[in-house]
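Presented below is the structure to which this report refers.
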Amino acid sequence: MLEWLPLPRALSRARSLWTCSLPADDPKPFCYAAFEHPQLESPDGRSIAIAYSTNTLDLTSMARHPNVYWPRLLTVDLTNTHF
């Protein structure tokens, strides 16, 4: 899950922006390494680009889903976050 904090955690609650897409039949999937790419944000600053990676600890599942290791890139529209 990707969360957004408009202020430090002590001053605000985290809001869910995105839930990682993982194979439903994988017993040990995980997401990691979320990173914002400021060079890809919209010119008006209303959307940001975030890359994240997924993987699995189950080798059988990795063979069934070889693309699980590929990084993903998503765009988050900050005008729809309702802070």
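Worth a mention:
- Charge dipole magnitude, Cβ of K and R +1, D and E -1 - the stretch 27-83, Cα centre, debye nearest 20: 280
- In order through the stretch 49-66: 3J(HN,Hα) via Karplus (6.51 cos²θ - 1.76 cosθ + 1.60), integer Hz, x for Gly, Pro: 10, 10, 10, 8, 10, 10, 6, 9, 9, 9, 5, 5, 5, 4, 5, 6, 10, x
- What the Cβ-Cβ distance of Lys28 and Thr79 gives, at R0 = 41 Å and to the nearest 0.05, is a FRET efficiency of 0.70.
- Length gained on full extension, His37 to Leu59: 4.9 nm, using 0.36 nm per residue less the C-alpha separation.
- Where the Cα pairs of the stretch 27-83 fall when distances are cut into 10 Å bins, in %: 22, 37, 25, 15, 1
Read-outs throughout are calculated quantities, based only on the coordinates presented, and are distinct from any laboratory measurement. Just so you know, these numbers come straight off a predicted model, no measurement behind them. A quick note on method: Cβ atoms are made from the backbone with ideal geometry, for glycine too, and the neighbour counts reach across all protein chains shown.
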